[in-house]
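The values are calculated or read from the model by the stated rules, or taken from the named source; none is laboratory data. Please read these numbers as outputs of a predicted model, since none were measured by experiment. Methodologically, a virtual Cβ is constructed for each residue, glycine included, from the backbone with ideal geometry; neighbour enumeration extends over all protein chains shown. Heads up: the accessible areas ignore ligands, DNA and RNA and are worked out on the full protein's heavy atoms, side chains in. Shrake-Rupley method; radii C 1.70, N 1.55, O 1.52, S 1.80 Å.
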Amino acid sequence: MKNNMADYEEARNYLDHVTGFAKKTALSNVQWILDVLGNPEKELSFIHVAGTNGKGSVCAFLDSILTGAGKKTGRFTSPHLVRIEERIQFCGREISKIRFAQVFTEVKEAVSQAVKEGAAHPSFFEFLFLMSVVFFKEEEAEICIMETGMGGRHDATNVIMPEVSILTAVSLDHQEFLGDTLELIAGEKAGIIKPKVPVICLEQKPEVMEVFQAEAERQKSEFLTISKDNLIFSEKSCDYIDFFKKSAYDKKSKCLKLGLFGDFQYENAALAAAAVHLLFPEISRRDVFCGLASASLTGRMEEVSPGIYIDGGHNLQAAEAFCHTLDSYFPQRKLIVFAPSHRQEEEGILKLLKKVKNVEGILKVPVENRKIPDDDFIKAYKTMIQKSEEGILCFCIGSFYLAGKVKNYMEEENDQLQRRIKEV
């Protein structure tokens, strides 16, 4: 066990070091390393998911439905909140530390060989993507759910050939990399559309839809749109989800419950359900709805302790959904801890937060070099604990860095408590 853990720590240390010197490379470079690895991606089936908001939720819904129906699934997502293993999952479970170390070694050897031949060293994200593909192939995954990291067209995941592509909600985010208009950002997301591969898209602003539809036409890809009004499962049976009622999935108006919190999740659920229906029509409607109801996702309106919630939403569109959820479901007194990831949207998000009903205070903590300074975090954390003990709900938003830090701190405190209990 010691050797295995030593190998895992070595892998973690190496990957942490990679962030300091390796930058994003071209897709041809990622493909070069995959070639050295024997092209494991060519032996796998994929669902590819891109968009600004909702990617992680759609992946969680897909994984829950498919694993519940007995499929062997792989899931690659980002970012992680506490453990790097969160990014690579098989059948709904994180990769083990032992397997992480083993797959890391395989990829590192291939990277070393490719670099000797003239390839560039992959970035942190690219390295983990390569590890996920190798792992999924070795575990004989039947279907792999792949979330883009940023954008789509030039994202490392775009070397795959999927069975279906899914495009979630698009908004302004990462403008310094993707462009400063919705059209430009949509163009980057649309880059995952492959020739004659079906596309399932959430209906949204006209300027975004025009870009998506045009790319689908160029690629001769079937273009399926999921509107906020309903989702058609079968024209013959007229089964549908009614988004306005949020409680009906067929004409008998049976209850549809989701495992992920927030009205906006019905749209993400619809995208996942449509993809499952397209790829696996044999999966029953019952299994689909059971999967939607049992889905879970860390860092998205997650209650990490009684009365304390974390949400990784960090742009205006995510903040709008967050504020709507608070007003709709949480009438109690509230404290909001806000850690702005993107300076350009900080003012706009603050304006939204200040309009939330029954907010007793907004506590802003800084984000410096992708981290929350310890002193600032401890002050905010102590305030949250005090307020929650007074019956005030506490919500953390604006950054996955804050969400991860809160969750990690909570887990460490719980571990210490369990150790003290055992000692007694």
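Results for (1) out of contact with any His (no Cβ under 7 Å at 6 or more places or on another chain); (2) at pLDDT 90 or above, shown as yes or no for each residue.
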{"residue": "Glu140", "(1), (2)": "yes, yes"}
{"residue": "Met146", "(1), (2)": "no, yes"}
{"residue": "Gly151", "(1), (2)": "yes, no"}
{"residue": "Val159", "(1), (2)": "yes, yes"}
{"residue": "Glu163", "(1), (2)": "yes, yes"}
{"residue": "Leu167", "(1), (2)": "yes, yes"}
{"residue": "Ser171", "(1), (2)": "yes, no"}
{"residue": "Gln175", "(1), (2)": "yes, no"}
{"residue": "Thr181", "(1), (2)": "yes, no"}
Practice problem: Determine whether Lys364 is surrounded by fewer than 20 Cβ atoms within 10 Å (Cβ to Cβ) and either at pLDDT 90 or above or farther than 24 Å from Leu316 by Cβ (or both). | Solution: yes
Self-check item: Residue under evaluation Phe127, criteria (1) open to solvent by less than 40 Å² (accessible area, probe 1.4 Å); (2) closer than 20 Å to Thr148 by Cβ; (3) touching a Lys or Arg at 6+ places or on another chain (Cβ under 6 Å), criterion not met
Solution: (3)
Exercise. Exactly one condition in (1) more than 12 Å from the chain's Cα centre (by Cα); (2) surrounded by 24 or more Cβ atoms within 10 Å (Cβ to Cβ); (3) of a type in the set (Gly, Ala, Ser) is not met by Ala22; state its number.
Key: (2)
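Residue by residue, here is whether (1) crowded, with 20+ Cβ neighbours inside 10 Å; (2) of a type outside the set (A, V, I, L, M, F, W, C); (3) touching a residue at least 24 places away in the same chain (Cβ under 8 Å); (4) within 19 Å of Glu163 (Cβ to Cβ) holds:
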site: Asp7; (1), (2), (3), (4): no, yes, yes, no
site: Tyr14; (1), (2), (3), (4): no, yes, yes, no
site: Leu34; (1), (2), (3), (4): yes, no, yes, yes
site: Asn39; (1), (2), (3), (4): no, yes, no, yes
site: His48; (1), (2), (3), (4): yes, yes, yes, yes
site: Thr52; (1), (2), (3), (4): yes, yes, yes, no
site: Lys55; (1), (2), (3), (4): yes, yes, yes, yes
site: Glu106; (1), (2), (3), (4): no, yes, yes, no
Quiz item: Would segment 38-50 turn up any residue that is part of a helix (DSSP H, G or I) and touching a strand residue (DSSP E or B) at 6+ places or on another chain (Cβ under 6 Å)?
Solution: no
Self-check item: Scan of segment 296-316 for residues that are open to solvent by 10 Å² or more (accessible area, probe 1.4 Å) and of a type in the set (S, T, N, Q), ordered by number
Solution: Ser296, Thr298, Ser305
Quiz item: Residues of segment 341-361 being open to solvent by 100 Å² or more (accessible area, probe 1.4 Å) and not charged (D, E, K, R), which ones?
Solution: Gln344
Exercise. Would you confirm whether any residue within segment 46-56 is more than 14 Å from the chain's Cα centre (by Cα), modelled with pLDDT of 95 or more and closer than 16 Å to Val276 by Cβ?
Key: yes
Practice problem: Would you tally the residues in segment 182-204 being in contact (Cβ under 8 Å) with a residue 24 or more places away in the chain, open to solvent by 20 Å² or more (accessible area, probe 1.4 Å) and either under 24 Å from the mean Cα position of the chain (by Cα) or farther than 25 Å from His277 by Cβ (or both)? | Solution: 7
Quiz item: So which of Val159, Val133, Val164 ends up being more than 30 Å from Gln317 (Cα to Cα) and β-branched (Val, Ile, Thr)?
Solution: Val133
Exercise. Go through (1) open to solvent by 10 Å² or more (accessible area, probe 1.4 Å); (2) in a helix (DSSP H, G or I); (3) touching a helix residue (DSSP H, G or I) at 6+ places or on another chain (Cβ under 6 Å); (4) closer than 27 Å to Leu182 by Cα and name the single condition Ala319 misses.
Key: (1)
Self-check item: Candidates Lys334, Lys382, filtered to the one that is open to solvent by less than 10 Å² (accessible area, probe 1.4 Å), over 23 Å from Arg83 (Cβ atoms) and not aliphatic (A, V, I, L, M)
Solution: Lys334
Quiz item: For segment 71-97, how many residues are open to solvent by 60 Å² or more (accessible area, probe 1.4 Å) and outside any strand (DSSP E or B)?
Solution: 3
Quiz item: Just checking, how many residues over segment 51-70 are β-branched (Val, Ile, Thr) and part of a loop (DSSP other than H, G, I, E, B)?
Solution: 1
Exercise. May I ask you to list pairs of residues, at least six apart or on different chains, whose Cβ atoms are under 6 Å apart, with the first in segment 110-124 being among the small types (Gly, Ala, Ser) and the second being assigned to a helix (DSSP H, G or I)?
Key: Ala110/Ile33; Ala110/Val36; Ala114/Trp32; Ala114/Ile33; Ala114/Val36; Ala119/Asn29; Ala119/Trp32; Ala120/Asn29
